[in-house]
Structures are given as structure tokens and as C-alpha cells.
1. Can you go through Thr199, Thr103 and tell me which one is in contact with a strand residue (DSSP E or B) (Cβ under 8 Å, 6 or more places away or on another chain) and either open to solvent by less than 50 Å² (accessible area, probe 1.4 Å) or on the phi < 0 side of the Ramachandran plot (or both)?
2. Go through the stretch 179-191 residue by residue and tally those that are within 19 Å of Asp229 (Cβ to Cβ) and either open to solvent by 10 Å² or more (accessible area, probe 1.4 Å) or assigned to a strand (DSSP E or B) (or both).
3. Could you grab me the full set of residues in the stretch 129-153 that are among the aliphatic types (A, V, I, L, M) and either modelled with pLDDT under 95 or in contact with a Leu (Cβ under 7 Å, 6 or more places away or on another chain) (or both)?
4. When the residues of the stretch 124-141 are narrowed to those that are closer than 21 Å to Leu254 by Cα and without any contact (Cβ under 8 Å) to a residue 60 or more places away in the chain, which ends up most open to solvent (accessible area, probe 1.4 Å)?
5. For Arg81, state whether it is surrounded by fewer than 21 Cβ atoms within 10 Å (Cβ to Cβ), touching a Phe, Trp or Tyr at 6+ places or on another chain (Cβ under 8 Å) and not assigned by the TED database to the domain that holds Val301.
6. Can you find a residue in the stretch 28-35 that is open to solvent by 20 Å² or more (accessible area, probe 1.4 Å), at pLDDT 95 or above, at negative phi and among the small types (Gly, Ala, Ser)?
7. Of the conditions (1) over 23 Å from Glu304 (Cα atoms); (2) under 23 Å from the mean Cα position of the chain (by Cα); (3) of a type in the set (Val, Ile, Thr), Val65 satisfies every one except a single condition; which number is it?
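The values are calculated or read from the model by the stated rules, or taken from the named source; none is laboratory data. Since the structure is predicted, the reported quantities are computational estimates derived from the model, not experimental observations. Cβ atoms come from the backbone with ideal geometry, glycine included; neighbour counts cover every protein chain shown. Remember, those area values only see protein heavy atoms, side chains included, never the ligands or the DNA or RNA. Shrake-Rupley method; radii C 1.70, N 1.55, O 1.52, S 1.80 Å.
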Amino acid sequence: MPQRHPRPRPGHAPVRPASAPKDPTETLRGILELTPAAPDPVTGQVRFTGTTPRQTHGRVFGGQVLAQALAAASRTVPAARSAHSLHGYFIRPGDALQPITFTVETLRDGRSFSVRRVLASQKEKAILALTCSFQEPAGSALDHQVAMPEGVPRPEDLPTTADVLGAINHPVAQEWAWSRPFDIRHVTPAIYVEPAAETENCNMVWMKTFTPLADDPALHLAALTYASDYTLLEPILRQHGVAWIQPGMSVASLDHAMWFHRPARVDQWLLYVQDSPSAQGARGLGTGAVFTEDGTLVATVAQEGMIRLPEGAAARRARARGAAQRMALRTVLRRSWRR
């Protein structure tokens with residue numbers, strides 16, 4: 001039986017705060033507008049500088065630094081060569097108050113492929129190491145893909161993140177509800193506040209930017225990279241009955257890989273289908289496939305994340321705090337949705 005989404009009654013949707021951006025996607029445009037910097041004084045390697053919008057928790061979103069690193073690399077290859085894969089390691093948390101330097105190393109420019117290595121750093125300390133490859137357009141007699149799941153509800157029939165979190169007066173909830181540059185809609189009820197009603201190691205979301213982006217394929221690839229980091233660890237949380245507000249939980253992305261199969265626009269609806277084949281040793285693996293509305297597979301994604309939960313007496317205290325939090329939030333949401 002399909003799970004019902006809690007959502008506001010008609011006419012009772014949360015109201016966008018005056019402080020919230022009118023167009024959250026404009027933030028993404030600014031993030032991906034890197035500034036050329038002086039070459040590395042020792043190696044002569046090309047460098048760019050990127051900035052971070054205000055973050056409630058003070059850390060750089062992993063998808064942001066991945067997208068900026070890919071954008072930096074894209075500026076150093078011929079325009080005809082499009083990114084087909086990337087592999088990145090998150091080395092240490094980024095400080096949202098500090099600019100990020102992206103140093104691009106040319107590893108190879110061949111007849112068909114170009115390979116770049118990008119080091120993202122703050123105060124001369126690495127926060128991300130990314131290797132990515134670009135390819136000239138090529139035809140092939142070999143072409144197949146997995147099928148998109150059938151019977152998935154349309155995004156227009158699903159609640160927005162603002163519907164789910166907009167009434168919660170907490171800085172993180174308000175940021176996620178109103179300031180994220182992508183419209184994210186969960187196919188089954190989101191696990192921001194409540195654990196999944198049924199434990200399963202899968203998760204699906206529809207996503208797109210709120211407003212159109214320019215007709216630049218490299219920009220859309222970087223934006224897709226940004227969005228790919230949003231919900232990829234959620235299949236792990238769903239499998240173990242955990243919500244994002246779980247007290248005492250510590251989550252961090254460790255690495256991220258993407259393969260870009262076919263062109264797509266991120267300002268049109270994309271279905272992100274995710275699962276988790278394994279979790280162990282405080283690490284969980286999430287994999288995902290991204291489809292257009294017509295079922296075209298455009299990208300495959302994989303990420304391993306660190307997920308630590310309290311143990312022993314700390315776990316018992318966390319369960320009690322979590323139950324109290326959920327009860328309080330249910331009261332807030334009922335009042336805002338039904339008044």
C-alpha cells in the first residue's frame with residue numbers, strides 16, 4: 001500500500017519568510033560562477049576561487065565543492081569535450097566563511113579524452129581531491145540502459161520540502177525549506193523528522209531547479225553533481241529506521257563518484273532512484289540512478305558515507321530525546337497544517 005504524505009491542507013501551506021531568497025536557484029548560479037585566480041606560483045597550474053552562501057551549520061555542503069571542482073576542471077578543456085565521470089574524496093570539512101581555491105592539474109589531453117585532477121583547499125589545507133574525465137562526442141553501435149521504475153507518482157502530486165519543513169521554526173529546517181536551489185520531492189514520505197514507516201533500503205526523489213538555467217551543458221552537469229549529494233545516504237537511514245533529526249547521529253560523506261551517460265537539463269524534472277547494497281563499520285554505501293521524465297538514464301552515482309549512531313546508555317538517552325523531539329514537532333506541524 002502506498003504511504004501517505006502528511007501535507008498542509010489547501011490554503012494552509014507555510015508562508016515563505018521575507019528573509020528567504022525569492023529565487024533559491026540564483027544561489028546555485030552564484031556558486032558555480034568561479035573567479036579566475038593567479039596560477040600556482042610553483043607549478044603554474046590553473047587556479048580558480050569559489051565562495052559559499054551562508055550556511056546555518058557553518059560547513060560547506062559536499063555537493064557544492066564537488067560541483068565547483070567539476071566546473072573548474074571544465075574551464076580547462078575544449079568546449080566540445082563533456083565530462084563523463086568524476087571520482088572525489090572529501091578530505092576535511094570546508095568552512096563556509098572562507099573562500100575555496102581550486103587548483104586544476106592537467107593529467108592528459110588525448111585525441112578523445114582529457115583528464116583533470118582538482119584540489120580544493122582552504123588556507124592551504126585540502127578539503128577535496130577530485131579526478132574527472134572528459135570526452136569528445138562519439139557515436140556507438142552499443143547503447144542500452146536499465147529501465148526507470150514504473151508507477152512512480154508525478155512530482156506535481158507530491159509535497160515540497162517547504163510543505164514538510166516550512167512550519168518548523170528551526171534554522172536548519174528553514175534553510176532546507178526555503179533556501180536550497182533545488183525543488184526536492186520525496187516519492188515516499190521524507191525522513192527529515194520521522195523515520196520511514198517501513199524499513200527498506202531504497203529512496204526516490206524528484207528534483208529540479210526552481211528556475212531555468214542557461215543553455216550550457218557544462219553548467220547542467222555541475223548542477224546535477226551538486227544535487228546528487230542531497231539524499232544519497234537516505235536509503236541507509238530508511239533501512240535502519242532512522243530520521244535525520246536522530247539525536248547523537250554523526251553523518252559525513254567520505255567519497256563520491258558519478259558517471260554521466262546522456263545529456264539532461266536540471267531545470268526539468270529528474271527522478272533520482274537510490275538504494276544501499278551495504279552498511280558496516282560505521283560506513284554505508286549509497287548508489288543512485290538519475291532518469292529524465294521520459295525514462296532516459298542520464299547518470300549513475302555512488303557515495304560512501306560515515307554514519308555513527310550512539311551506543312549503550314547513550315543510545316537509550318538518544319532514543320528518549322528523539323521521541324520527545326518527534327512528539328513536539330508533530331504538535332507544531334498539526335497546528336500549522338490544520339488551523
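1. So the residue among Thr199, Thr103 that is in contact with a strand residue (DSSP E or B) (Cβ under 8 Å, 6 or more places away or on another chain) and either open to solvent by less than 50 Å² (accessible area, probe 1.4 Å) or on the phi < 0 side of the Ramachandran plot (or both) is Thr103.
2. 9
3. Ala129, Leu130, Ala138, Ala141, Leu142, Val146, Met148, Val152
4. Here the answer is Glu124.
5. Judged against the criteria, Arg81 is a match.
6. yes
7. All conditions pass for Val65, except number (1).
To keep it simple, each residue is scored yes or no on (1) among the aromatic types (Phe, Trp, Tyr); (2) crowded, with 20+ Cβ neighbours inside 10 Å; (3) within 18 Å of the chain's Cα centre (by Cα).
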| site | (1), (2), (3) |
| --- | --- |
| Thr231 | no, yes, yes |
| Glu234 | no, yes, yes |
| Leu237 | no, yes, yes |
| Trp269 | yes, no, yes |
| Ser276 | no, yes, yes |
| Phe291 | yes, yes, yes |
